[in-house]
Amino acid sequence: MRATKRLGEGLFIVSVLVVGLGVPAGAGWRFRHGVIDAQGPKDPWAKIIADIDGDGKPDVIIGGRRGPLVWYAWPNWTRATIAEGGYNTVDGEAGDVDGDGDLDIVMGGLLWYENPRLGGGSAERLWRVHRVADHPTHDLELADLDGDGDLDIVTRDQSEFGARAGNEIHVWRQDEGDKWAHRVIECPHGEGLCVADLDRDGDPDVVIGGIWLENMRDAVGDPWPAHKFGEWHSSATVQIADINGDGRLDAVLSPSELKEQWYRLSWFEAPSDARQGDWVEHTIVRKIECVIHGLVTGDFDGDGAVDIALSEMHQGQDPDEVAVFLNRKQGSVWPKQILSGQGSHYIQAADLGSDGDIDLVGANWSGPYQPIEFWENQGARVDDPAP
């Protein structure tokens with residue numbers, strides 16, 4: 001039961017597809033589709049959302065396959081260039097790397113770009129680049145791994161497309177003087193990476209598909225014990241969130257590669273002891289194409305439960321969906337809402353405009369359709385039943 005009704009410029013109401021729950025056909029959540037840049041950087045691989053100019057509103061950062069790396073200022077999406085290129089990644093993160101109070105950008109390659117805003121410069125000009133290492137990568141995360149107050153870097157490459165490099169997780173500890181100590185952790189081949197405190201001991205752990213690696217606080221010197229929490233596809237997109245509202249962080253996993261392969265979409269329920277207890281898998285979709293390279297979580301409908309949004313890459317079987325799964329009954333029922341059938345890659349979620357709800361940003365990584373898009377959360381229809 002799927003239907004789309006156009007209500008005016010960029011505004012759609014999409015009916016909900018439900019398994020195991022009867023929902024009226026007219027029920028739906030509203031998202032306004034918009035375009036940030038119809039002619040953005042070619043092959044926009046990296047997508048980041050962060051407040052670059054310090055106005056309290058999230059901006060959008062996009063990195064093309066070979067550059068440039070640009071940012072778009074909310075609300076008019078005025079474009080400025082951070083760097084012409086020089087990185088090698090599909091992922092990037094924003095964080096205050098130098099501790100000066102503004103947000104810098106870290107990209108695979110391995111580089112970080114210094115935001116000049118609080119140093120007397122303008123964020124609308126090219127940013128100073130700092131090289132951490134000559135290190136192409138696929139996935140990248142920022143976190144204070146050792147509790148010393150500065151940001152460290154975690155990276156992983158991929159094992160598909162002939163790379164065979166996704167069997168190592170790299171930890172880069174930030175030391176004084178813009179120096180970085182390096183550590184390699186072996187893992188199974190694949191791709192996908194997330195950082196979160198799964199064991200609730202106050203430091204962030206590293207999570208990949210079906211395995212989490214325990215942070216023992218000395219990120220470079222200590223071992224990283226591996227804990228298996230489930231069987232999963234080697235190429236995974238990973239998100240961590242409390243899905244059932246019990247105060248524990250659960251894992252949401254999708255298959256990220258390859259087209260014409262099929263797997264499932266699931267979340268794994270964390271036990272009271274993440275190190276020793278059994279993690280229970282809850283399947284959301286039993287058969288889904290392995291092109292889910294965008295996976296985010298957030299409370300999209302404002303009911304207090306964490307929902308899931310995903311995007312299929314454009315090379316998958318048509319339609320290539322961008323969709324939201326609304327969390328009902330503590331993660332046991334998931335009404336599905338389709339926002340687009342043209343695909344997207346590495347979608348990001350944030351409250352654009354700081355109006356109290358969560359929106360989405362994305363773009364296809366290649367192909368004929370590459371606008372930088374957003375889906376603005378408009379809330380429930382007036383005639384919708386309560387969630």
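The values are calculated or read from the model by the stated rules, or taken from the named source; none is laboratory data. What you see is a predicted model; the values in this text were computed from it and never measured. Cβ: placed from backbone, ideal geometry, glycine included. Neighbour counts: every protein chain shown. Each accessible area value is taken on the protein alone, full model and side chains, heavy atoms only, with ligands, DNA and RNA left out. Shrake-Rupley method; radii C 1.70, N 1.55, O 1.52, S 1.80 Å.
Evaluation of residue 217 against the conditions (1) surrounded by fewer than 19 Cβ atoms within 10 Å (Cβ to Cβ); (2) at pLDDT 95 or above shows that the sole unmet condition is (2). Look at the range 324-339: where a residue is under 19 Å from residue 357 (Cβ atoms) and a partner is assigned to a loop (DSSP other than H, G, I, E, B) and among the small types (Gly, Ala, Ser), sitting 6+ places away or on another chain with Cβ atoms under 7 Å, you get 327/305; 337/28. For the range 256-272, a tally of residues being touching a residue at least 24 places away in the same chain (Cβ under 8 Å) and more than 22 Å from residue 341 (Cα to Cα) returns 5.
A quick yes/no check of all residues on (1) of a type in the set (D, E, K, R); (2) without any contact (Cβ under 8 Å) to a residue 40 or more places away in the chain:
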| position | (1), (2) |
| --- | --- |
| 254 | no, no |
| 286 | yes, yes |
| 295 | no, no |
| 305 | no, no |
| 342 | no, yes |
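Looking across the range 329-357 at every residue that is crowded, with 17+ Cβ neighbours inside 10 Å and of a type in the set (Gly, Ala, Ser), the one that is farthest from the chain's Cα centre (by Cα) is identified as 331. Meeting the requirement of 2 or more residues that are farther than 17 Å from residue 89 by Cβ and touching an Asp or Glu at 6+ places or on another chain (Cβ under 6 Å), the strands (runs of 3 or more DSSP E) wholly within the range 123-180 are 168-175.
How about the range 300-315: which of its residues are in a loop (DSSP other than H, G, I, E, B) and not aromatic (Phe, Trp, Tyr)? Steps first, please.
Within the range 300-315, the first condition is being in a loop (DSSP other than H, G, I, E, B), and the residues that meet it are 300-306, 313-315.
Listed by number, the residues that qualify are 301, 302, 303, 304, 305, 306, 313, 314, 315.
Going through 23, 16, 70 one at a time, which residue ends up being touching a strand residue (DSSP E or B) at 6+ places or on another chain (Cβ under 7 Å) and either within 24 Å of residue 365 (Cα to Cα) or at pLDDT 95 or above (or both)?
Details: 23 fails: either within 24 Å of residue 365 (Cα to Cα) or at pLDDT 95 or above (or both); 16 fails: either within 24 Å of residue 365 (Cα to Cα) or at pLDDT 95 or above (or both).
Checking each option against the conditions leaves just 70.
Each residue in the range 196-210 was checked for being under 18 Å from the mean Cα position of the chain (by Cα) and either under 15 Å from residue 277 (Cα atoms) or exposed (fewer than 15 other Cβ atoms within 10 Å of the Cβ) (or both), and 2 pass.
With respect to the stated conditions, residue 47 fails to be of a type outside the set (Gly, Ala, Ser), under 21 Å from residue 342 (Cα atoms) and over 20 Å from the mean Cα position of the chain (by Cα). Scanning the range 286-303 finds one or more residues that are crowded, with 18+ Cβ neighbours inside 10 Å, within 26 Å of residue 64 (Cα to Cα) and of a type in the set (Ser, Thr, Tyr).
Applying the selection to the range 40-89, what residues are assigned to a strand (DSSP E or B) and open to solvent by 20 Å² or more (accessible area, probe 1.4 Å)? Scanning the range 40-89 gives 45, 49, 65, 78, 79, 81.
Among the residues of the range 88-131, the one identified as under 25 Å from residue 145 (Cβ atoms), over 19 Å from the mean Cα position of the chain (by Cα) and hydroxyl-bearing (Ser, Thr, Tyr) is 113. Taken as a whole, the condition of being over 24 Å from the mean Cα position of the chain (by Cα) and surrounded by fewer than 19 Cβ atoms within 10 Å (Cβ to Cβ) applies to residue 176.
Scanning the range 331-343 turns up no residue that is assigned to a strand (DSSP E or B) and under 26 Å from residue 195 (Cβ atoms).
Among 147, 101, 119, which is of a type outside the set (D, E, K, R), farther than 20 Å from residue 43 by Cα, touching a helix residue (DSSP H, G or I) at 6+ places or on another chain (Cβ under 7 Å) and open to solvent by 10 Å² or more (accessible area, probe 1.4 Å)?
Details: 147 fails: touching a helix residue (DSSP H, G or I) at 6+ places or on another chain (Cβ under 7 Å); 119 fails: touching a helix residue (DSSP H, G or I) at 6+ places or on another chain (Cβ under 7 Å).
Criteria check complete, one pass: 101.
Residue count for the range 274-299 satisfying the condition of being assigned to a strand (DSSP E or B) and under 17 Å from residue 194 (Cα atoms): 7. Looking at the range 304-313, which of its residues are surrounded by fewer than 22 Cβ atoms within 10 Å (Cβ to Cβ) and either under 13 Å from residue 346 (Cα atoms) or of a type outside the set (A, V, I, L, M, F, W, C) (or both)? Result: 304, single match.
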